[in-house]
């Protein structure tokens, strides 16, 4: 295989235990051909080989984003962004400016509205004072709550309430009409549908497929949204990702993009199992796993939600939330969940469960344990997503059962963009020591996979690394930071392993995919508090440059 690209004069962190450091990497035919010293690698350059001088910058395997929502994130890039907006005046100004530029949109949708954006719970009347004559709505950063104005509620048929599954709530006022607050996907799905993207929400909302099947024109529009998301991720060094929502339609879109040469990252897509589904529906999960097996688009895992989120008090807790009698409810009944896990596991599929509250985490572990007892131990790599609170008795169970902790460094309040005030609202002070336990879980044997949960938080891996490295212990609590190398491993080889991609990507060694990222500096020399400001100089995915900063190469 002829060398097509050589990246040299680099500080290469290969994530390969057998050869952890190098100075240069040779790529060709979409694979890594050689890793080693400058002289030996540069000698492989032949006619037409592109040689890139890294100038002492760090080169790593391409980042693996272990938990994001690619299609939704790509679609949201054109929506109003409310991150950092506070107070009614600023909220109204932002919406009016966006409305003036988007007269054609049937729904004015905003993202990133903090739960504390106003000094009181948001109502439809508040949003009517912003804009009353057009449907408008705004989504919380965690994507589990939407607030809508009266026009939007009327257009979506929600003003007088709606029948929703347990845990999905159209909040009603004393006057018998909706307050404007909608909790969880099947409550606010009709609002999102006003924007013409309901078919893109099905993978996370219902687990179903579009009907009728989107025609070529609609698929082309959808692929443009995916492409925008992919470009956004490539600019942050991401070459592989686990898309935590989806269905067969998602896989078809991505496979078409791969065939068209437009897919710039490897994407793993789940079948979404919802509480209303019968076990027989898992045949669809097996069919997806059989149909999509490539290095660029694959399925093979089942996603479930055990609970909601802490901010809306929908995360399932062992104890009541501070100042309330509420602890929420699980979305799956325990014995049925055990049966579902056992059947998924029997089919040889991986399981990923969103579990945020400590009761949800325990019930998820119980389900995985039941599956292992019924089917025997295998290399399943079942994973729990988020684990924001965990009872100490359950900590060692992850390592013992081989459960991956798929967690997000940007999520702990105070670590990146989420305010510390959340801790007071949702966790008893005595339980802070049990919240966001990345190091504790790792110390007890749980493999770590890091991610952002974009568009819930900024997809920037560099900001995520900084959050992981600089997170301060909560008052009276232990330090939950892991080392720089452990952090980088969780964003590369660890994420690849957790997604069953370790034979394809995640390390730089001969035969692996030509996926790499060059950061704009020496990451081992950059002060932790400055890592998030460090740019991505080069992203290479499958041997193709997908992002390149000016002056590189």
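Rundown of residues vs (1) at pLDDT below 95; (2) more than 19 Å from the chain's Cα centre (by Cα), yes/no style:
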| residue | (1), (2) |
| --- | --- |
| 426 | yes, yes |
| 434 | no, yes |
| 448 | no, no |
| 459 | no, no |
| 483 | no, yes |
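Would you check which residues across region 175-192 are surrounded by fewer than 19 Cβ atoms within 10 Å (Cβ to Cβ) and part of a helix (DSSP H, G or I) and list them? Across region 175-192, there are no qualifying residues.
Among the residues of this structure, residue 232 counts as one that is assigned to a helix (DSSP H, G or I), under 15 Å from the mean Cα position of the chain (by Cα) and either in contact (Cβ under 8 Å) with a residue 24 or more places away in the chain or under 19 Å from residue 268 (Cβ atoms) (or both).
Just need a number here: residues in region 396-437 that are assigned to a helix (DSSP H, G or I) and under 16 Å from residue 471 (Cβ atoms). Residues flagged as assigned to a helix (DSSP H, G or I) and under 16 Å from residue 471 (Cβ atoms) within region 396-437 amount to 5.
Whenever a residue of region 403-420 is outside the structural domain of residue 493 (by TED's automatic domain parsing) and under 16 Å from residue 86 (Cβ atoms), it has no partner that is at pLDDT below 95 and part of a strand (DSSP E or B) lying with C-beta atoms less than 9 angstrom away and at least six residues away or across chains.
Being under 20 Å from residue 340 (Cβ atoms) and part of a loop (DSSP other than H, G, I, E, B) is the filter; apply it to region 258-287 and report the residue that is modelled with the lowest pLDDT. Ranking the qualifying residues of region 258-287, first place goes to 276. Of all residues in region 125-150, those satisfying the criterion of being within 16 Å of residue 92 (Cα to Cα) and surrounded by fewer than 23 Cβ atoms within 10 Å (Cβ to Cβ) are 125, 126, 128, 129, 130, 131, 132, 133, 134, 150. Remark: residue 75 falls outside the filter, which requires a residue to be buried (at least 20 other Cβ atoms within 10 Å of the Cβ) and either in a loop (DSSP other than H, G, I, E, B) or in the same structural domain as residue 536 (by TED's automatic domain parsing) (or both).
Residues in region 79-111 that are in contact (Cβ under 8 Å) with a residue 60 or more places away in the chain and in a loop (DSSP other than H, G, I, E, B): 4 in all.
Among the residues of region 235-257, the ones that are under 23 Å from residue 491 (Cα atoms) and assigned to a helix (DSSP H, G or I) come to 1 in all. Assessment of region 11-34 against the conditions (part of a strand (DSSP E or B) and free of Cβ contacts under 8 Å to residues at least 12 places away in the same chain) yields at least one matching residue. With respect to the conditions (1) outside any helix (DSSP H, G or I); (2) out of contact with any helix residue (DSSP H, G or I) (no Cβ under 7 Å at 6 or more places or on another chain); (3) within 24 Å of residue 431 (Cα to Cα), residue 348 lacks only one, and its number is (3).
Conditions (1) at pLDDT 95 or above; (2) under 30 Å from residue 115 (Cα atoms); (3) crowded, with 20+ Cβ neighbours inside 10 Å; (4) assigned by TED's automatic domain parsing to the domain that holds residue 433, marked per residue:
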| site | (1), (2), (3), (4) |
| --- | --- |
| 301 | yes, no, yes, yes |
| 314 | no, yes, yes, yes |
| 317 | yes, yes, yes, yes |
| 320 | yes, yes, no, yes |
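When region 53-72 is filtered for residues that are within 20 Å of residue 507 (Cβ to Cβ) and part of a strand (DSSP E or B), the ones remaining, listed by number, are 58, 59, 60, 61, 63, 64, 65, 66. Here residue 35 qualifies as modelled with pLDDT of 95 or more and more than 30 Å from the chain's Cα centre (by Cα). Screening the candidates 366, 379, 290 for the property of being part of a helix (DSSP H, G or I), out of contact with any strand residue (DSSP E or B) (no Cβ under 7 Å at 6 or more places or on another chain) and farther than 30 Å from residue 423 by Cβ yields one hit, 290. Evaluated against (1) surrounded by fewer than 17 Cβ atoms within 10 Å (Cβ to Cβ); (2) in a loop (DSSP other than H, G, I, E, B), residue 3 falls short on exactly one condition, (1). Considered as a group, the residues in region 68-93 that are out of contact with any helix residue (DSSP H, G or I) (no Cβ under 9 Å at 6 or more places or on another chain) and at pLDDT 95 or above include one that is nearest to residue 513 (Cα to Cα), and that residue is 86. Looking at region 345-360, is at least one residue farther than 30 Å from residue 265 by Cβ, under 20 Å from the mean Cα position of the chain (by Cα), in contact (Cβ under 8 Å) with a residue 24 or more places away in the chain and surrounded by fewer than 21 Cβ atoms within 10 Å (Cβ to Cβ)? No, region 345-360 contains no residue that is farther than 30 Å from residue 265 by Cβ, under 20 Å from the mean Cα position of the chain (by Cα), in contact (Cβ under 8 Å) with a residue 24 or more places away in the chain and surrounded by fewer than 21 Cβ atoms within 10 Å (Cβ to Cβ).
Of the residues making up region 114-165, those that are assigned to a loop (DSSP other than H, G, I, E, B), closer than 20 Å to residue 86 by Cβ and free of Cβ contacts under 8 Å to residues at least 60 places away in the same chain number 8.
The values are calculated or read from the model by the stated rules, or taken from the named source; none is laboratory data. It should be emphasised that the depicted structure is a prediction, and the values quoted were computed from it without experimental measurement. Please note: Cβ atoms are built from the backbone with ideal geometry, for glycine as well, and neighbour counts cover all protein chains shown.
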